[in-house]
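Below: the structure, in structure tokens.
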Amino acid sequence: MYLIRAESNARLGTSVGDTVVADYNAVHTRAGLSAKNVVTLDDILLERRLELAHEGHRIHDIKRLKGSVDGLNWDDEKLLYPIPARELEANAKLEQNPGY
């Protein structure tokens with residue numbers, strides 16, 4: 001939540017710069033790293049990537065930020081997960097995602 005608030009406030013560019021740095025440092029220093037006095041949006045996004053590694057958030061961040069991964073753009077159909085068979089069976093109006 002600290003990183004979400006830090007990113008939001010950084011994107012707003014409001015006069016809550018101290019909150020951005022404080023929120024960032026709450027996560028950054030918890031990991032045993034030294035506090036920063038100035039934080040950029042790129043710093044916040046990197047900290048989010050490191051803090052949430054292997055928790056399944058990366059794909060959502062790529063899509064949200066319209067990034068790319070391994071040469072695939074954020075909207076490539078190869079980055080879609082298949083709809084589980086039980087969901088397709090429960091709702092006949094659903095169509096499987098392309099490629100599955």
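Since every read-out is calculated from the coordinates, none of them should be taken as a lab result. Being a predicted model, the structure only gives us computed values, none of them experimental. When we count neighbours, we look across all protein chains shown, and the Cβ atoms used for this are built from the backbone with ideal geometry, even at glycine.
Of the options Tyr81, Leu65, Tyr2, report the single residue whose Cα projects farthest towards the positive end of the charge dipole of the chain (beta-carbon charges: Lys, Arg +1; Asp, Glu -1).
So the residue furthest toward the plus end is Tyr2.
What number results when the radius of gyration of the stretch 2-55, computed over Cα atoms, is divided by 2.2 N^0.38 Å?
Compared with the compact-globule rule of thumb, the stretch 2-55 sits at 1.03.
Within straight cross-link reach of Lys93, meaning Cα distance under 27 Å, which lysines are found once same-chain residues fewer than 8 apart are removed?
Correct list for Lys93: Lys63, Lys78.
DSSP loop GluC sites (Glu not before Pro) in the stretch 26-100 with at most 13 other Cβ atoms within 10 Å of their Cβ, which ones?
Those satisfying the criteria are Glu55, Glu95.
From zero outward in steps of 10 Å, how is the percent of C-alpha pairs of the chain spread across the bins?
14, 34, 25, 17, 10, 1
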